[in-house]
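Below you'll find the structure, written out as structure tokens, and then a few comments.
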Amino acid sequence: MCIRDSFCVDGIVTPDRRIKTGALEIKNVYRPLRARLENNKLVVKNTMEFTNAYDEYTAKLTLQVNGCAKESVELDLSGLNAKSEKQFDIPFNIPDGKVDLLLETFNKEAKPLLAKGERLGVCQLNVKECICELPDVNLPAPKFSDERFSTKIYGDSFEIIYNKRSACFD
């Protein structure tokens, strides 16, 4: 809500046309390729009405293990026509740990407002969750001390002091 005589910036770009995070979110919502896992296969859907994916886009599939990229391959988008789907075998051996597949879509040629090779969207698919068992550790509870100008939190091997005057940790 704007108040009279105030300047209000509620758009997805700033008045000087710098991109805000909302514009990047919208760009990903309108991405041309979407993916899902079905029967241990990767199914990629071209959401564009009149564009064949092979003519306009490239797609890179990346295997992520515990959040780190391990391997990447470029997918062959031939035959992925407008509003159609194509199945791919997953080209990676799935290791232990938390495993994700990341499908990134890039444009092939430069266009108005888009550089060649610019990322148009990303789709992250969870393949396998990591079930980590934490050891049963009984740690002593921290102690607290509240004074007029500071709060102290301390234990056997640490001490944290919060300064109420500066609103910072000392």
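Residues with beta-carbon under 12 Å from that of I19, excluding I19: net charge, scoring Lys, Arg +1 and Asp, Glu -1? Mind showing how you got there, number by number?
Values: positive: R17, R18, K20, K27; negative: D16, E25.
Neighbour charge sum, excluding I19 itself: +2.
Compute the whole-percent fraction of alpha carbon pairs in the range 31-135 spaced more than 16 Å apart. Provide the component values of the computation, followed by the final result.
Values: 3197 of 5460 pairs.
The share of Cα pairs beyond 16 Å in the range 31-135 comes to 59 percent.
May I ask which of K20/K116; K27/K98; K86/K116; K83/K108 have a Cα-Cα span longer than 29 Å here? Present the calculation step by step, with values, prior to reporting the outcome.
Details: K20/K116 21 Å; K27/K98 27 Å; K86/K116 24 Å; K83/K108 19 Å.
Going by Cα-Cα distance, every pair falls inside the 29 Å limit.
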(message) Under 19 Å between alpha carbons, and skipping anything fewer than 8 positions from K164 in its own chain: which aspartates and glutamates qualify?
(response) D146, E147
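Note down the magnitude of the dipole of the chain about its Cα centre, charges +1 on Lys and Arg C-beta and -1 on Asp and Glu C-beta and zero elsewhere, to the nearest 20 debye. Don't jump to the answer; show the numbers that get you there.
Working: 25 positive and 26 negative charges, 124 e Å.
Around 600 debye, computed over the chain.
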(request) Find, among the chymotrypsin sites (Phe, Trp or Tyr not before Pro) in the range 44-96, those assigned to loop by DSSP (not H, G, I, E, B) with at most 12 other beta-carbon atoms within 10 angstrom. (result) F50
(message) Can you give me the long-range amide H partners of G121? Hydrogens built in the peptide plane at 1.01 Å from N, cutoff under 5 Å, separation of 5 or more residues or another chain.
(response) T105
(request) Sticking with the crude label model, points 7 Å out along Cα→Cβ, report the distance from Q124 to R148 in nm, one decimal please. (result) 4.9
(request) DSSP loop (so not H, G, I, E, B), at most 13 other Cβ within 10 Å: list which GluC sites (Glu not before Pro) in the range 25-97 pass both filters. (result) E49
(request) Can you list which of the chymotrypsin sites (Phe, Trp or Tyr not before Pro) found in the range 116-170 are DSSP loop residues with at most 15 other C-beta atoms within 10 Å? (result) F149, F158
(request) Give me the aspartates and glutamates in straight-line cross-link reach of K152: C-alpha distance below 15 Å, same-chain residues under 8 apart excluded. (result) D170
(message) For K86, what accessible surface area do you get with a 1.4 Å probe? Give it in Å², rounded to 10.
(response) 50
(message) Under 5 Å between amide hydrogens, which residues at least 5 positions from M48 or on another chain qualify, with H placed 1.01 Å from N in the peptide plane?
(response) K83
(message) With a 1.4 Å probe and all protein chains kept in place, how much accessible area does V13 have, in Å² rounded to the nearest 10?
(response) 60
(message) Please compute the length gained on full extension between E133 and T14, using 0.36 nm multiplied by the number of residues separating them and subtracting their Cα-Cα distance.
(response) 38.2 nm
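The values are calculated or read from the model by the stated rules, or taken from the named source; none is laboratory data. Treat the numbers as computed from the prediction; the structure is a model and nothing was measured. Positions of Cβ are generated from backbone atoms using ideal geometry, with glycine treated the same way; all protein chains shown enter the neighbour counts. Ligands, DNA and RNA are excluded from the accessible area calculation, which covers all protein heavy atoms including side chains. Shrake-Rupley method; radii C 1.70, N 1.55, O 1.52, S 1.80 Å.
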